[in-house]
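Only one structure is covered here, and it is reproduced in the block below.
Where a number appears in this text, it was derived from the coordinates with a stated rule and is not lab data. What you are looking at is a predicted structure, and each value in this text was computed from that prediction instead of being measured. Here Cβ is always computed from backbone atoms with ideal geometry, including for glycine, and neighbour counts include all displayed protein chains.
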Amino acid sequence: MHFNLEEQEQLAELKAWWKQYGKWLIAALIAILVAYLSFTAWNWWQNRLAQGATKLYDTLLVSAQRQDVPGVLRAASDIQDQYGSTSYAGMAGLVAAQVANASGDMANAEKQLRKTMEDAKSVAHRDLARARLVSLLIDQAKFADAEKIAAASVSDAFVSLMLERRGDVQLAQQKTVEAKKFYQQAWDQLSKNPEAPDEAKRLLKIKLDAVGGR
């Protein structure tokens with residue numbers, strides 16, 4: 001009889017506890033379940049995006065090897081439209097611009113670089129597109145536009161390269177003093193970086209020497 005009374009007391013306590021905290025426990029369990037399902041669904045969607053983007057990017061590379069400019073531009077457009085949130089969109093824009101430029105299609109090269117500079121997910125892709133776009137604009141004698149784009153802020157890894165491009169813009173306009181200033185700043189940055197490629201240092205040094213630097 002004592003056991004039954006104790007059991008009933010425990011049951012009553014459990015009922016009281018459940019009445020007070022049960023709805024919160026259920027809510028917490030539901031929240032955990034929703035979070036798990038959302039995370040699982042997100043991973044599934046990301047994997048699906050990556051697979052689709054990879055397939056299209058492979059198609060783009062095949063077209064690039066064949067110098068099939070329309071095929072490259074078509075594949076790049078599809079990647080940017082369908083998988084713009086992936087890093088493949090930035091890579092596709094850079095490759096498409098390179099292929100278009102090599103074929104003499106400056107308009108599409110510029111279009112791809114501008115889109116990549118503005119929309120790429122990766123900061124490195126955006127900054128690299130910016131640097132290449134400046135060079136492309138210099139080739140077209142669009143100096144004002146090139147100066148404006150080169151003057152924009154970039155990530156630390158691209159500061160020296162963008163300073164060099166600013167020097168390129170000035171040199172193309174035969175502004176030797178201004179070019180020397182930017183080349184010198186670029187050299188001061190690049191020479192301190194032990195990871196900087198030797199070829200990059202060599203080319204910048206040639207430019208700096210050409211304008212009477214160091």
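Going 7 Å from the Cα of Ser122 along its beta-carbon direction, which residues of region 80-113 have the amide nitrogen within less than 14 Å of the resulting point? Only 85-96 fall inside the zone, counting backbone N under 14 Å. In this structure the amide hydrogen of Gly84, modeled in the peptide plane, comes within under 5 Å of no amide hydrogen from residues 5 or more places off or on another chain.
Positive contributions from Lys and Arg (+1) and negative ones from Asp and Glu (-1), summed over other residues with Cβ under 15 Å from the Cβ of Val62, come out at 0.
Shape analysis of region 146-214 places it in the oblate category; the axes a ≥ b ≥ c from the Cα gyration tensor give an a/c of at least 1.5, with a/b not above b/c. Give the shape of region 47-150 as rounded, prolate or oblate, defined through the alpha-carbon gyration tensor: a ≥ b ≥ c are the square roots of its eigenvalues, a/c under 1.5 means rounded, and otherwise the shape is prolate if a/b is larger than b/c and oblate if not. The shape class here is oblate. Using the Karplus relation 6.51 cos²θ - 1.76 cosθ + 1.60 with θ = phi - 60°, the per-residue 3J(HN,Hα) values for region 88-98 come to 5, 5, x, 5, 5, x, 5, 5, 4, 5, 5 Hz, with x marking Gly and Pro. Taking 0.36 nm per residue of sequence separation and removing the Cα-Cα distance, the Ile206/Lys192 pair yields an extension gain of 3.3 nm. The distance between label points at Gln67 and Thr54 comes to 3.1 nm (points 7 Å beyond Cα on the Cα→Cβ vector).
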